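I have placed the structure first, in the form of structure tokens, so that the comments after it can refer back to it.
The values are calculated or read from the model by the stated rules, or taken from the named source; none is laboratory data. Keep in mind it's a predicted model, so treat the numbers as computed, not measured. In this analysis, Cβ positions are derived from the backbone assuming ideal geometry, glycine residues included, and neighbour counts consider all displayed protein chains. Accessible surface areas use protein heavy atoms only, side chains included; no ligands, DNA or RNA. Shrake-Rupley method; radii C 1.70, N 1.55, O 1.52, S 1.80 Å.
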Protein chains: 2
Amino acid sequence: MAKNDKPYIGIDLGGTNIQAGVLDGKGKLLATDRLKTKADGGEQAVTRRLVKLVEKVLDEAGLKSGDVAGLGIGAPGAVNHKKGIVLSAINLRWTDYPLGKVLKEALGVPVAVDNDVNVGIWGEYMAGAGKGYDDLMGIFVGTGIGGGLVLDGKLFHGVQLTAGEIGHTTLRGDAPLGQRSLENLASRTNIVDQLKRLIESNHPSILTKLADGDLSKIRSRLLAEAFKENDALTHKVIGQAAHYIGVSIANAVTLLSLPCVVVGGGLTEALGDDWISLIRAVFDEYVFPSELSKCKIHASRLGDDAGIIGAALMAKQRLEVE
Amino acid sequence: MAKNDKPYIGIDLGGTNIQAGVLDGKGKLLATDRLKTKADGGEQAVTRRLVKLVEKVLDEAGLKSGDVAGLGIGAPGAVNHKKGIVLSAINLRWTDYPLGKVLKEALGVPVAVDNDVNVGIWGEYMAGAGKGYDDLMGIFVGTGIGGGLVLDGKLFHGVQLTAGEIGHTTLRGDAPLGQRSLENLASRTNIVDQLKRLIESNHPSILTKLADGDLSKIRSRLLAEAFKENDALTHKVIGQAAHYIGVSIANAVTLLSLPCVVVGGGLTEALGDDWISLIRAVFDEYVFPSELSKCKIHASRLGDDAGIIGAALMAKQRLEVE
């Protein structure tokens with residue numbers, strides 16, 4: 001097997017779950033599996049679970065660690081991708097953990113580490129909705145709003161390695177703290193909070209019924225259901241969120257003259273094209289110059305697999321260059 | 001004289017004036033001169049004036065066109081820098097004018113063309129306030145607000161060649177058209193309009209006296225004078241503009257994790273450090289993550305010469321690579 005054809009392992013490390021997969025040289029997933037993170041156990045216990053999951057998924061693919069060319073992993077939080085160090089991961093309560101080195105020693109394969117959002121965007125860029133563009137912004141809407149940039153065919157990290165934090169850009173420049181950033185205005189957390197507040201102050205919504213009266217149950221799928229049933233309150237609040245997302249994408253595209261933006265995350269997967277259309281209409285109104293309305297806004301295509309595919313492809317790209 | 005030591009000509013083509021200079025291999029200006037653009041005469045008449053000014057400035061430097069390695073020019077408006085074509089310059093009323101080709105034929109030297117703001121930022125990056133940084137945003141505050149980006153040591157143009165248009169990013173995402181972009185909120189035009197309106201509705205200001213009662217006379221220098229005399233109304237309106245500029249810089253630095261931003265333009269030159277301090281304070285409050293408050297915000301250093309120095313250095317960089 002030529003080096004370039006060897007499979008790579010990809011891991012998506014989250015605060016709750018770890019997902020892993022083996023990707024062959026043609027970009028096909030040979031096996032995938034998952035395990036609870038159990039972050040409470042601390043760095044070493046989580047690392048042992050990572051190793052266990054890798055061994056399991058290799059076994060499922062009928063491979064040994066010597067058969068793979070390397071491993072890529074996306075970790076939540078701030079990552080020094082050059083050194084393979086997780087600088088700070090709040091979900092995991094990790095600080096300055098040399099994940100790359102530790103995994104390399106445990107598994108005997110070269111390891112590439114990056115931030116989980118960057119890794120997901122790399123997956124969409126190489127094998128998903130962003131394929132074929134030179135530059136790309138990815139924006140993932142969930143409990144928070146994350147983002148990342150591919151510029152000139154490479155992940156762009158910036159001087160503090162934090163590039164892509166579109167969720168923390170300001171869209172209401174004269175509003176108080178907590179009400180001005182994109183994340184404040186358009187995350188799923190904010191959408192649900194607003195809906196709860198409105199419903200509790202007696203605005204009618206089908207969500208009360210869908211959530212069996214327990215509004216804390218509202219997640220992306222329920223929002224999508226209410227949206228598809230044309231619930232007026234849900235349309236209003238989701239429309240506002242789409243407005244701010246459209247404006248923030250217009251800002252990034254105006255600044256960077258981008259050909260493509262990929263929108264992902266749980267809410268996007270649940271709402272689908274209707275959501276993209278809402279964002280697109282606002283984008284077209286706000287972007288400058290008008291030529292930039294040629295920019296494509298795509299929903300992510302790899303869904304839950306973006307992390308493992310992106311991690312494996314990131315490892316392939318980085319490790320083959322070295 | 002080795003090729004790398006040969007001088008380059010730099011031109012800053014504006015709607016009103018043309019400035020030109022000869023820069024030697026060590027980055028020293030051997031001669032500079034200027035001429036009215038007389039844009040009314042049309043493309044060919046302006047080109048003849050460009051050629052005349054180049055011949056004049058070469059003569060002043062004691063050189064002939066054969067002595068220089070090339071010429072760089074910054075043009076106002078949208079430019080295809082790869083083809084040397086001015087796509088659209090409203091001030092000049094030019095559309096799709098092959099300025100690079102025409103100048104090359106007239107002068108017999110290789111020519112590099114780019115947008116005037118990009119060229120000024122390149123000057124600051126190579127020889128001014130942005131020297132020594134890998135990435136950089138430049139923002140120029142004048143009658144409008146222009147900007148440009150240097151990423152990984154190169155001017156970043158983006159797919160529609162329009163990157164850097166920070167003036168057209170939205171900072172008040174729920175305000176009507178005309179009241180939401182940075183340019184709407186913080187250009188000198190907007191500052192003067194607001195001051196006029198406030199003064200005309202009987203808010204006292206020293207500007208009435210400074211402008212001899214004719215508020216249409218207010219320019220950057222008068223604003224700076226009123227600011228330095230602690231005129232309360234001027235401080236209020238300039239403070240608001242600095243607020244929005246600080247927020248917009250925070251947005252760009254949050255998105256791109258930049259190490260440096262250079263702020264220029266007539267207002268910056270007139271107001272100096274006080275203006276940068278106002279912007280800096282807002283920036284520090286809004287940027288995310290907090291590590292990014294290490295980002296330097298510098299006033300431009302080359303002043304009026306940024307365009308000619310940047311154009312000559314851009315030509316040097318592009319033409320020596322070819």
For A:ALA45, label point 7 Å along C-beta direction: distances to other copies, nm: 8.2
Once Lys and Arg get +1 and Asp and Glu get -1 on their Cβ, which of B:THR268, B:ILE139, B:ASN202 lies farthest toward the positive end of the dipole of the range B:133-300? B:ASN202
Using only protein heavy atoms and a 1.4 Å probe, report how much of A:ASP214 is accessible, in Å² to the nearest 10. 60 Å²
Rounded if a/c is under 1.5, else prolate if a/b is larger than b/c, else oblate: which is the protein assembly as shown, with a ≥ b ≥ c the root eigenvalues of its Cα gyration tensor? oblate
Of all DSSP beta bridges with both partners in the range B:133-300, the antiparallel percent, nearest 5, is 55 percent
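What part of the accessible area of the range A:133-300, given as a whole %, is carbon or sulfur when the probe is 1.4 angstrom? The partial results should precede the final answer.
On the way: 3050 of 6400 Å².
Here it works out to 48 percent.
Step through the table entries A:LYS26/A:LYS131; A:LYS26/A:LYS82; B:LYS26/B:LYS316; A:LYS101/A:LYS154, compare each Cα-Cα distance with 18 Å, and write down the pairs that go over it.
A:LYS26/A:LYS82; A:LYS101/A:LYS154
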Between the range A:108-166 and the range B:2-54, what's the alpha-carbon centroid distance in Å? 42 Å
In terms of solvent-accessible area of protein heavy atoms at a 1.4 angstrom probe, what is the ranking of A:GLU105, B:GLU229, B:GLU124, A:GLU43, highest value first? A:GLU105, B:GLU229, A:GLU43, B:GLU124
With the label 7 angstrom out along Cα to Cβ, how close does B:LYS83 come to the same site in each of the other copies, in nm, nearest first? 4.8
Cα-based reach from A:LYS228 at 13 Å (exclusive), listing aspartates and glutamates while leaving out same-chain residues under 8 positions away: A:ASP273, A:ASP274
To the nearest 20 debye, what is the magnitude of the charge dipole of the range B:98-179 about its Cα centre, counting +1 on the Cβ of each Lys and Arg and -1 on the Cβ of each Asp and Glu? 160 debye
Kindly report the accessible area of the protein assembly as shown per residue (heavy atoms of protein chains, probe 1.4 Å, no ligands, DNA or RNA), in Å². 41 Å²
Of B:ILE90, B:ILE166, B:ILE245, the most mobile residue in a GNM of chain B (C-alpha springs, cutoff 10 Å) is B:ILE90
Accessible surface, 1.4 Å probe, highest first, among residues B:LYS6, B:LYS64: B:LYS64, B:LYS6
The correct ranking of A:THR32, A:THR234, A:THR143 by accessible area at 1.4 Å, largest first, is A:THR143, A:THR32, A:THR234
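Taking the Cα centre of the protein assembly as shown as the origin, how large is its charge dipole in debye, to the nearest 20, when only Lys and Arg (+1) and Asp and Glu (-1) carry charge on their Cβ atoms?
440 debye
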According to the Kirkwood expression over distinct Cα-Cα pairs, how big is the hydrodynamic radius of the range B:133-300, in Å? 16.4 Å
The protein assembly as shown - mean residue ellipticity at 222 nm from DSSP helices (-39,500 (n - 2.57) per run, n ≥ 4, rounded to 500): -12500 deg cm²/dmol
At 1.002 mPa s and 20 °C, Stokes D of the range B:232-322 from Kirkwood alpha-carbon radius, µm² per second: 148 µm²/s
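Can you give the charge dipole size of the range A:210-298 about its Cα centre, rounded to the nearest 20 debye, using +1 on the beta carbon of Lys and Arg and -1 on the beta carbon of Asp and Glu?
On the way: 8 positive and 11 negative charges, 43 e Å.
Taking the Cα centre of the range A:210-298 as origin, the dipole is about 200 debye.
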For chain B, what class follows from the C-alpha gyration tensor (a ≥ b ≥ c being the square roots of its eigenvalues): rounded when a/c is under 1.5, otherwise prolate if a/b is larger than b/c, else oblate? prolate
With solvent modelled as a 1.4 Å probe, how much accessible area in total do chains B and A shield from it at their shared surface, in Å² to the nearest 100? 3500 Å²
With 27 Å as the limit, write out which pairs from A:LYS104/B:LYS294; A:LYS296/B:LYS104; A:LYS196/A:LYS296; A:LYS6/A:LYS52; B:LYS28/B:LYS104; A:LYS294/B:LYS83 have Cα-Cα distances beyond it, or answer none. A:LYS104/B:LYS294; A:LYS296/B:LYS104; A:LYS196/A:LYS296
Kindly tabulate the residues in the range B:117-165 with an accessible-area decrease of at least 50 Å² between the chain alone and the assembly of all protein chains, using a probe of 1.4 Å. B:PHE156, B:VAL159, B:GLN160, B:THR162
Here the correct list, in nm and shortest first, of distances from B:LYS64 to the same site in the other copies, label points 7 Å along Cα→Cβ, is 7.6
